[in-house]
Amino acid sequence: MTKNSRKRVFALLCLTFIATTSVAKENRIDFSNRSALMFSAPLKGKSQEEFGSGWTKATYRGVTGEQVDLFPMEAFTVGGVIFQDSYAPQISPSGRYAVLDILRAGIVDPGPKGKPEPETRQYCPVLDVGTGCIVSVQSGDLCGGSWDQRKDLWVVPGYDGDSSKAMLDYQFQNVNIVWHEYLAANAKSFRYTLNNALVSNLGITNLMACQPPAADNLDAYAAMARQLIKDGNFSDARYIDKKLGVKGNSSAQSQGLTISVDKARLYDGPSLSTQTRTYLVKGDRVRVLDKSGADWVKIEYRQSNGPFIEKWIQAVSLE
């Protein structure tokens with residue numbers, strides 16, 4: 001290899017390294033407290049043509065290693081939240097807050113021209129980098145602001161109001177209010193689910209990041225977990241279980257549901273042909289692990305001598 005050839009190869013290797021580190025920097029933000037925000041699943045193909053470039057997933061990783069997705073109930077399919085890659089998150093002087101740049105995107109049918117058209121609106125959610133809590137999600141003039149150079153103050157030139165208060169005061173409802181409003185609304189409409197209530201609070205993961213389990217909200221969280229199981233949302237119910245378990249409190253995982261018939265046969269699978277000789281009796285408490293259609297649920301039952309058993313049961317056997 002000639003001297004010039006070696007120089008060209010070395011230059012190419014340098015360019016490759018620069019490009020690689022640049023990409024890594026673009027899709028991961030490391031905060032001063034050792035938490036991080038990781039972006040993934042970039043827009044491609046038709047979605048990129050319609051909405052531009054950006055990421056469809058953002059995952060917060062806390063200092064203990066726990067990871068949660070931001071805006072999980074608005075995951076991008078044909079529409080949803082897009083995390084823009086044009087501007088890096090703005091970090092406050094103390095390092096506590098990060099203002100993100102997102103689009104809520106969708107297809108309007110019909111649009112102004114009488115046919116389906118993409119439509120977006122910009123928002124600027126504020127992330128508490130210590131907890132993973134989305135404190136607020138603002139739009140409009142507030143998104144045109146920036147941090148004061150020395151204090152955690154959000155400054156918007158010409159804004160008529162307290163822009164810092166609007167950005168940094170917690171915007172969403174207390175978990176106890178969320179639960180009681182759900183009960184009131186559900187009593188009036190059988191179509192209103194707990195998921196409907198959680199959407200406006202950015203999902204159960206954000207609710208628990210902003211309002212960790214405490215003595216004054218344990219009952220509400222446990223009740224939510226039981227309702228989510230009934231609704232078939234096992235992943236969110238298990239998430240609550242995990243969080244409440246850290247506090248040592250009984251949750252949906254330990255309380256579960258109750259057998260409502262005198263004798264409930266257990267099955268090896270979600271089929272009558274797999275019936276076993278064992279059964280549970282009225283009043284026995286079980287934890288729901290999974291479901292198959294509307295008629296079958298997989299349960300876990302702790303026997304009096306200690307061991308757990310996992311079997312299938314007909315849904316009509318539960319309260």
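Listed values, structure above:
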item	result
Estimated vicinal HN-Hα couplings, Hz - the range 200-208 in sequence order (Karplus 6.51, -1.76, 1.60; Gly, Pro = x)	6, 10, 6, x, 5, 5, 6, 4, 7
For the range 181-319: relative contact order, % (alpha-carbon pairs under 8 angstrom, 6 or more apart)	17
Cross-link pairs beyond the 23 Å C-alpha cut-off, checked among 263/298; 57/151; 165/243	57/151; 165/243
Expected 222 nm ellipticity per residue - DSSP helices of 4 or more, -39500 (n - 2.57), all of the chain, to 500	-9000 deg cm²/dmol
Rounded if a/c under 1.5, otherwise prolate or oblate - the range 119-232, Cα gyration tensor axes	prolate
For the chain, fraction of C-alpha pairs farther apart than 29 Å, in %	53
Relative contact order [Cα under 8 Å, 6+ residues apart], the range 18-164, whole percent	16
Inter-part distance where the range 149-181 and the range 226-247 are each reduced to a Cα centre, Å	29
Cα-derived Rg over Rh, computed across the range 33-127 with Rh taken as Kirkwood radius	1.04
Length-normalised contact order for the chain - Cα pairs under 8 Å, 6+ apart - percent	8
Average accessible area per residue (Å²) across the chain - probe 1.4 Å, nucleic acids and ligands excluded	57
Percent carbon-and-sulfur accessible area, the chain, ignoring ligands, DNA and RNA, probe 1.4 Å	51
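The values are calculated or read from the model by the stated rules, or taken from the named source; none is laboratory data. None of the values given here were measured: they were computed from a predicted structure. Only protein heavy atoms, including side chains, enter the accessible area calculation; ligands, DNA and RNA are left aside. Shrake-Rupley method; radii C 1.70, N 1.55, O 1.52, S 1.80 Å.
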